[in-house]
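Bear in mind these aren't lab numbers, they're just calculated from the coordinates by the rules spelled out. Everything numeric here is computed off the predicted structure, so don't read it as measured data. Counting neighbours? That spans all protein chains shown, and the Cβs are built from the backbone with ideal geometry, glycine included.
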Amino acid sequence: MFWTKLKSDLEILVRWLGVLDRADWVWRWFVKTKVPTLFGLFAGFLLVSTPLFAHHGQAAYDLTKKLTVRGTVTDFTVTNPHAHFSFDAKDDKGKVQNWTMELSTPLMLMRTGWTRTILKPGDAVTVTFYPSKNGAGLGYLDNVVLADGTMLYRGGSTHLGEQGVSQ
Amino acid sequence: MRNRLKGWTITLGAVVAFSPALHAQQNASQSQPPDARTAVPAHDFSGVWYGPFELNFVPASVTMQPWAAAKFNSERTQYKVGDRPVVKDTTNTDPILHCDPVSIPRIYWSVHPFEIIQIPGRILMYFEEFHTIREIWMDGRPLPKDPELTWMGTSVGRWDGNDLVVDTMGFNDKSWLDSVGHPHSDALHLTERFHRVDHDSMQLTLTFDDPKAYTTRWSYGPKTMKLKPGWEIGELFCTIEDQKNFEKEVMELANKP
C-alpha cells in the first residue's frame, strides 16, 4: 500500500515537473553527444594510466605479471640511485629463491614512510612486485607489508597521491 | 493530493538545496572563503614543488629533423606506451647514468622535488635531482645574442600578470630533452610559463622552438605541480661509485639473458 502510494506520488511529481515530456529528447541528446565524449575520455584515460617506466632498464620487468610472495629479508641497501632489498622465499616447489626488489631513491623513500632501518635481515615480509622478464630474481616493487601490518610503497610519485608514474 | 504534492516538492527542493552543502562538507577547502593561507600569492612561487614523473615531451605529431631522428633511434631506450615502440632490451645509453647533468625541462619531472627561491633580480631553482641549481635573471636583461653554450642554458624571466614567463637559450646539445631520449640542438629556445592556480598548485607550460632538431614548434602542458610545505631539499649527488654499485647489484641481474 505504501509503495503503491509512493509510486503514484512520484508519477504525479514527475508529470508535474514535466520531466517525462522532456525525457525522451534528453536521453537522445545524451547518447548522441555525451556518450562518445565520455567513451573517448575513458579510452584516453586508460592510455595514459598505463604504467610508464623510465631508464635503468625498467624494460626488464614484466608489467603484466604482479606477484605477491611471503619471505624473509636478507638485505636492505639504502643507496642512490635506487635503494633495494632482498628476501628469501620458497617457490612452489619448496626451493628457496632469493629476490631483489628495486625501490625508489632514499630521499623519496624517507618521504613515504620508510626509514633506513625499517627492514632488517630476518624480518618477515609480504612483497608485491613485477618480476623481471628473465627470471633472474629481480623485481620492481609495488608494495611490501611488514609483520606489524605496515604497508610501504616503492617511494615513487604514484604513491604520493599524485597521478603519474612510479619511478 | 495537493498537500502531498506540496510535501514532495518541498522535500525534493530541500534535498537539492542541501546537496551542494553536502559537497562542500566533503571539499571543505574549496568552499572556504579565500584567506591568507589559501589566497593566490602575487608574483611569488617560493617553496618546494613536486610534479608527477613525466616521460616524453614530444607529441607524435612533431617530426624530428633526419639527423635528430637517427640519433634518437640509435641511442634511446624504447618504451611501450600504447602504439609507441616496444622495449627492445635493457641496454641504456641515458647520459645521466654516467652522471651527466640533467637539464631543464627534463629535471622538472624527475622523481625529486625542487625549490624556487626568489631573491632581488633573480629567481633560483634548486633541484634535488643531482643537486642542480639554475638561475633566472629577472632584472630586465635580454637573452644574450651569442651565449656560451651550457648544460642549463641562460634564462631570463618576466612577469606577465601573475604568470612567470621564462626564456632560455644557449643550451649545449649534450643532454636529453626528456626521459625517452629525444635530442635537441644548441639552437633550442625554451619558453616556460608558470601559472599559479591557487596557493597549493601551479601549472607549467613549455614551448619548444628548435628548428635545427625539429620541423615545428610545439607546446607541452599545462602540467600541474603541487606545493609541498614541510619538504626540504635533501642532498643527492650523482657519483660514479653509486652508479657502478647499482649496475653491479641491480642492472646486471636485469641484463642477464
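Here are a few things to note about the model shown:
- Applying 1/(1 + (r/R0)^6) with R0 = 22 Å to the Cβ-Cβ distance of B:S219 and B:E135 gives a FRET efficiency near 0.35.
- The ranking of B:V62, A:V96 by Cβ neighbour count inside 10 Å, starting from the fewest, reads A:V96, B:V62.
- Shielding by partners - mean other protein chain Cβ count within 10 Å, residues of B:107-113: 5
- Only the Cβ atoms of Lys and Arg (+1) and of Asp and Glu (-1) were treated as charged; on that basis the dipole of the range B:98-198 about its Cα centre amounts to roughly 160 debye.
- In a simple Cβ point-charge model (Lys, Arg +1; Asp, Glu -1; nothing else charged), the range B:47-255 has a dipole of about 560 debye relative to its Cα centre.
- Put in line by how crowded their Cβ is, counting other Cβ atoms within 10 Å and starting with the fewest, B:C99, B:C238 read B:C99, B:C238.
- Sequence ranges A:139-148, B:140-149, ranked by mean other-Cβ count within 10 angstrom, highest first: A:139-148, B:140-149
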